[in-house]
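Let me begin by presenting the structure, written as structure tokens, before commenting on it.
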Amino acid sequence: MTGNYFGENLSGLNSYGKLLNYLMTPLPSSAMSQPPAIQLDNVSKTFGRGRKRVEAVRQLSLEVSAGQVFGFLGPNGAGKSSTIRMMMDLIRPSTGTVLLYGRPVPNNPALLRRVGALVEGAAFYDFLTGRKNLEILARTGDCYDPARIESLLAQVGMADRADRLVQGYSTGMKQRLGLAAALLNDPDLVILDEPTNGLDPAGIQDVRHFIRNLAEKQGKTIFLSSHLLSEVEQVCDQVAIIHNGRLVQTGHVAELLSAQAIIRLEVAPADRALGLLQPRWEVVANGRWLEVQAVREDVPEMVQRLVAAEVQVFQVVVQQQSLEALFMAATAVVQPQPEEAPHA
Amino acid sequence: MRSAFAAEWRKLLGHTKAVSFLVLIYPVAALVILLLLQILFPVLVERAREMMREMPISWTNDLLWIWNAMNSFPGGTFLRMPFIAFIAIGFAGEYQWGTWKNIVPRQSRARLILAKFLVLGLLILLSLLLTSLVMASGGWLRAALLDIPFGPALVDLDLGSFLQGVVLQILLTFVGTLIVASYAALIAMYSRSIVATLLLSVGVGIVEYASSLLLLVLGQVLQRPNLVNIIVVTPSYNLDNVRSWVVNGVGSSFGGFPGFTAVLPLWLSVLILLVWLGGLLGGTAVLFRRQDITS
């Protein structure tokens with residue numbers, strides 16, 4: 001796909017680089033007093049009554065600063081979409097408040113015109129063309145600009161298919177159109193709920209670049225809900241993990257991952273080294289190798305202890321934890337055993 | 001509001017199947033009937049030509065025929081059914097297609113629902129207006145082909161009172177359409193399905209009609225024939241009553257229904273219609289304002 005947003009190569013950016021950029025960039029004075037783009041205070045949402053009562057979101061508090069790419073992770077049914085629906089005033093919280101840019105969301109379409117969203121898969125009027133759908137959405141949002149529609153269609157790679165009826169679109173094409181729809185009003189905040197659903201690997205990569213571009217070149221705040229952990233790890237500055245409606249972990253991606261590092265040490269004698277390190281860290285021995293669960297900053301102390309006790313240190317390898325491991329740990333639940341296949 | 005209206009207008013007109021089969025069906029059907037029965041048949045068959053020559057043609061009656069029919073009871077109940085289907089698509093479609101989530105955040109919910117009511121109402125009115133014009137033009141064409149008088153002449157007509165009658169009939173049809181649209185919208189909000197909204201809305205119309213028969217039977221069984229007078233609270237009776245006052249200068253006796261005596265004055269019927277309209281529109285708007293848009 002050439003000639004669109006998606007073509008730019010940002011793959012060189014890793015999480016550390018992004019964190020460093022983030023920390024090194026001085027905040028403008030106005031930003032210091034800027035309210036967060038998203039602020040959830042003790043938000044809960046309950047559906048149904050009596051025996052059908054489901055608590056989808058439980059006392060969720062969260063802050064997303066302007067200009068960030070924020071990942072919102074959780075297994076299916078964790079409450080991600082309900083949270084997003086509350087941010088978009090599609091449903092009302094049972095308790096708590098949802099603020100965008102410091103202002104309450106309910107009955108505030110003017111505020112929500114600063115927000116673009118792709119919620120729970122793209123849905124369009126399938127009896128209309130892609131272009132007509134965008135026109136209608138833009139008119140509803142008081143932001144109709146034919147030139148912008150053309151530009152967005154080109155950016156998402158749909159310019160040549162915009163005059164076909166949506167009923168003939170694939171899921172991926174609808175997702176691309178959904179991304180264009182989310183940006184019709186040139187929003188400050190873009191909320192994307194599983195934006196890569198139905199896309200092929202190349203499409204997924206395109207969307208990743210697209211999202212980074214939106215944040216870095218256009219200064220937009222991105223709230224990205226996904227269960228594709230690699231996607232979040234590659235594009236997000238911060239993440240929050242939600243499970244059973246509760247927030248279980250939040251922080252900068254790089255910090256969370258480094259906090260979960262595994263330090264692998266090749267030492268001799270291993271048993272003496274194990275005795276020296278075990279009181280302080282969780283260590284597993286594997287021949288001459290010790291695997292220590294620690295943070296990167298602990299490495300000098302470890303080496304110092306070992307050397308002081310005349311343990312030989314041959315190699316130190318810091319193995320970054322993946323977001324997947326972090327996610328699995330944070331959302332660990334007893335998985336139901338799959339039923340045995342019936343005997344033939 | 002203008003942008004919400006423009007968006008709604010383009011969206012509904014874009015549903016060509018629904019517009020063709022449920023809205024334009026009236027002018028198209030009128031055109032076909034006119035061409036076949038009133039023009040082609042008399043042109044080809046001498047006997048039919050003679051019969052037609054004996055039937056007076058009045059463009060004022062032709063113009064008003066469809067409006068009269070729409071506001072009459074029970075004819076209007078059945079004539080409105082294709083429109084109910086169109087209204088069901090307009091409201092329940094947004095739930096079924098999952099498209100409310102795209103538009104609800106960007107506009108006030110009250111404006112969105114009002115725009116929908118207005119566009120649906122106007123499209124239906126336009127369809128009836130076209131039907132009315134087709135019928136009047138058909139009369140003129142028949143008169144020209146068969147060389148029969150086409151009246152009344154404008155000089156013989158009290159144009160002021162005729163136009164007043166036309167406007168009142170159109171207004172009445174608009175009110176009737178909005179009432180039907182309101183209960184279809186309420187049903188759509190609960191059912192979130194086009195088919196369910198269509199069936200239930202048509203069901204409401206039939207129940208309203210059937211209730212008069214039920215009241216008649218009940219009145220006979222309980223030996224209280226006046227029981228049927230309860231029907232005066234329904235929108236359909238009051239639409240018919242206002243139409244009857246406007247067209248005939250007397251209230252509707254409900255087609256001489258046995259036991260029916262409570263002919264309401266014009267002002268009371270207008271008031272009852274306004275209460276229905278306000279209550280249903282208000283109820284729809286309040287419910288929609290508080291509704292969770294979930295998929």
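Values in this text are rule-based calculations from the coordinates and carry no lab data. Values in this document were obtained by computation on a predicted structure and should not be read as measured data. Cβ placement follows ideal geometry from the backbone for every residue including glycine, while neighbour counts extend to all protein chains displayed.
Which value, in nm² and rounded to one decimal, describes the direction-averaged projected area of the C-alpha convex hull of region A:70-148? All intermediate terms of the calculation are to be shown ahead of the outcome.
Numbers: hull surface 27.9 nm².
Answer in nm², one decimal: 7.0.
At what distance in nm do the modelled label points of B:Phe21 and B:Trp140 sit from each other, each positioned 7 Å from its Cα along Cα→Cβ?
For B:Phe21 paired with B:Trp140, the spin-label model returns 3.3 nm.
If you stretched the chain out fully between A:Val303 and A:Asn244, how much longer would it get, using 0.36 nm times the residue separation minus the C-alpha to C-alpha distance?
Numbers: separation 59, 0.36 × 59 = 21.24 nm, distance 4.08 nm.
Separation in residues times 0.36 nm, less the Cα-Cα distance, equals 17.2 nm.
Could you line up A:Asp163, B:Asp240 from fewest to most neighbouring Cβ atoms inside 10 Å?
Values: A:Asp163 11, B:Asp240 26.
Ordered from fewest to most neighbouring Cβ atoms within 10 Å, A:Asp163, B:Asp240 come out as A:Asp163, B:Asp240.
Taking 60 Å as R0, compute the FRET efficiency from the Cβ-Cβ separation of B:Leu31 and A:Glu324 and round it to 0.05. Could you put the intermediate results ahead of the total?
On the way: r = 66 Å, r/R0 = 1.10.
Step by step, r from the Cβ atoms, then E = 0.35.
Expected output is a single nm value to one decimal: the length gained when fully extending between B:Ala48 and B:Leu133, i.e. 0.36 nm times separation in residues minus the C-alpha distance. What is it? Show your work: numbers first, answer last.
On the way: separation 85, 0.36 × 85 = 30.60 nm, distance 2.39 nm.
Length gained, B:Ala48 through B:Leu133: 28.2 nm.
Could you list A:Thr250, B:Thr294 in order of exposure, starting from the residue whose Cβ has the fewest other Cβ atoms within 10 Å? Spell out each step's value before the answer.
Details: A:Thr250 20, B:Thr294 17.
Final ranking by Cβ density, sparse to dense: B:Thr294, A:Thr250.
Any chance you could give the angle, 0 to 90 degrees and rounded to 10, that helix B:235-248 forms with the longest Cα principal axis of chain B?
Between the helix axis and the principal axis of chain B, the angle is about 30 degrees.
Which is farthest toward the positive dipole end of the protein assembly as shown among B:Pro265, A:Phe70, A:Tyr169, measuring Cα position about the Cα centre, with Cβ charges +1 (Lys, Arg) and -1 (Asp, Glu)?
Toward the positive end, the furthest listed residue is B:Pro265.
Can you give the longest stretch of chain A with no exposed loop site, where a site means trypsin sites (Lys or Arg not before Pro) in a DSSP loop (not H, G, I, E or B) with at most 13 other C-beta atoms within 10 Å?
After excluding every exposed loop site, the longest remaining stretch is A:54-216.
Report, in debye and to the nearest 20, how large the dipole of region A:192-336 comes out about its Cα centre when Lys and Arg carry +1 and Asp and Glu carry -1 on their Cβ.
Details: 11 positive and 18 negative charges, 40 e Å.
Computed about the Cα centre, the dipole is about 200 debye.
On average over all directions, what projected area in square nanometres does region B:82-127 have, based on the convex hull of its Cα atoms? Don't skip to the end; give the middle numbers.
Working: hull surface 13.0 nm².
Here the figure is 3.3 nm², rounded to one decimal.
In Å³ and rounded to a whole number, note down the convex hull volume per residue for the Cα atoms of region B:85-201.
Numbers: hull volume 16.3 nm³, N = 117.
It comes to 139 Å³ per residue, whole-number rounded.
Let me know the Rg and Dmax you get for the protein assembly as shown when you use only its Cα atoms, in Å.
When restricted to the Cα atoms of the protein assembly as shown, Rg and Dmax are 34.2, 125 Å.
Please average, across the residues of A:120-129, the number of beta carbons from any other chain that are within 10 Å of each residue's own beta carbon, and give a whole number.
Values: counts 4, 3, 2, 9, 4, 9, 2, 9, 5, 1.
Taking all residues of A:120-129 together, the mean is 5.
Given all pairs of different Cα atoms, what value in angstroms does the Kirkwood hydrodynamic radius of region B:162-279 take? Before the final figure, lay out the partial values.
On the way: mean 1/r = 0.0651 Å⁻¹.
Taking the inverse mean of 1/r over all distinct Cα pairs, region B:162-279 comes out at 15.4 Å.
According to a simple spin-label model (label point 7 Å from Cα along Cα-to-Cβ), what is the distance in nm between B:Asn61 and A:Val295?
9.4
Using Cα springs under 10 Å in a Gaussian network model of chain A, which residue among A:Ile191, A:Ile222, A:Ile204 shows the largest mean-square fluctuation?
Largest GNM mean-square fluctuation: A:Ile204.
Which net charge results when you count Lys and Arg as +1 and Asp and Glu as -1 among the other residues whose beta-carbon is under 15 Å from that of B:Tyr209?
Details: positive: B:Arg80; negative: B:Glu208, B:Asp240.
Net local charge, B:Tyr209 excluded: -1.
Please order B:Phe91, B:Phe150 by the number of other Cβ within 10 Å, starting at the fewest.
B:Phe150, B:Phe91
Roughly how many debye, to the nearest 20, is the charge dipole of region B:44-141 about its Cα centre, given +1 on each Lys and Arg Cβ, -1 on each Asp and Glu Cβ, and no other charges?
Values: 9 positive and 5 negative charges, 125 e Å.
That gives a dipole near 600 debye.
In terms of the ratio Rg/(2.2 N^0.38 Å) built on C-alpha atoms, what value belongs to region A:153-259? Don't jump to the answer; show the numbers that get you there.
Working: Rg = 15.1 Å, N = 107, 2.2 N^0.38 = 13.0 Å.
Its radius of gyration relative to the 2.2 N^0.38 Å reference: 1.16.
I want to verify the translational diffusion coefficient of chain B in µm²/s; compute it with Stokes-Einstein, Rh as the Kirkwood radius over Cα pairs, at 37 °C and 0.692 mPa s. All intermediate terms of the calculation are to be shown ahead of the outcome.
Working: Rh = 20.9 Å.
Calculated translational D: 157 µm²/s.
Find out how many positive minus negative residues lie around B:Asn68, taking Lys and Arg as positive, Asp and Glu as negative, among other residues whose Cβ is under 12 Å from that of B:Asn68.
Details: positive: B:Arg243; negative: B:Asp62, B:Asp240.
Result for the neighbourhood of B:Asn68: -1.
So how far, in whole Å, is the C-alpha centre of region A:69-131 from the one of region B:206-277?
48
Given a Förster radius of 35 Å and the C-beta distance between B:Leu13 and B:Leu213 as r, what FRET efficiency does 1/(1 + (r/R0)^6) yield to the nearest 0.05?
On the way: r = 39 Å, r/R0 = 1.11.
It comes out at approximately 0.35.
Quick check: Cα centre of region B:115-178 to Cα centre of region A:287-303, how many Å?
89
What is the distance, in nm, between label points placed 7 Å from the Cα along the Cα-to-Cβ direction at A:Asn108 and at B:Leu154?
A separation of 5.9 nm, rounded to one decimal place.
In vacuum, with every alpha carbon of chain A counted as one equal point scatterer, what does the Debye formula give for log10 I(q)/I(0) at q = 0.07, 0.08, 0.15 Å⁻¹? Two decimals, please.
The calculated log intensity ratios at q = 0.07, 0.08, 0.15 Å⁻¹ are -0.38, -0.48, -1.26.
Restricting the count to DSSP beta bridges whose residues both fall in the protein assembly as shown, what percent are antiparallel, rounded to a multiple of 5?
Numbers: 38 of 58 bridges.
About 65 percent, rounded to the nearest 5.
Among residues other than A:Leu152 whose Cβ falls under 11 Å from its Cβ, what is the net charge (Lys/Arg +1, Asp/Glu -1)?
Numbers: positive: A:Arg131, A:Arg148, A:Arg176; negative: A:Asp145, A:Glu150, A:Asp186.
Result for the neighbourhood of A:Leu152: 0.
Name the most mobile residue of B:Val45, B:Val28, B:Val119, meaning the one with the largest mean-square fluctuation, in a Gaussian network model of chain B with Cα contacts below 10 Å.
With Cα springs under 10 Å in chain B, the top fluctuation among B:Val45, B:Val28, B:Val119 is at B:Val45.
What average count of beta carbons from other chains do you get within 10 Å of the Cβ of residues in A:100-109?
Values: counts 0, 0, 0, 0, 0, 1, 1, 4, 2, 8.
Mean inter-chain Cβ contacts per residue within 10 Å come to 2.
Determine the gain in length on full extension of the stretch A:Asp126-A:Ala285; use 0.36 nm per residue of separation and subtract their C-alpha separation, reporting nm with one decimal.
On the way: separation 159, 0.36 × 159 = 57.24 nm, distance 6.00 nm.
That works out to 51.2 nm of additional length.
Return the single residue from B:Phe117, B:Phe41, B:Phe21 with maximal mean-square fluctuation; model: Gaussian network over chain B, springs between Cα atoms under 10 Å.
The residue with the greatest mean-square fluctuation here is B:Phe41.
When the Kirkwood hydrodynamic radius is evaluated over all pairs of different C-alpha atoms of region A:146-214, what value in angstrom, to one decimal, is obtained? Working shown, then result.
Working: mean 1/r = 0.0810 Å⁻¹.
Over region A:146-214, the inverse of the mean reciprocal pair distance is 12.3 Å.
What translational diffusion coefficient, to the nearest whole µm²/s, does region B:1-86 have by Stokes-Einstein, given a Kirkwood radius computed over alpha-carbon pairs, a temperature of 37 °C and 0.692 mPa s viscosity? Kindly include the intermediate steps, with their values, before the conclusion.
On the way: Rh = 15.7 Å.
Answer, rounded: 209 µm²/s.
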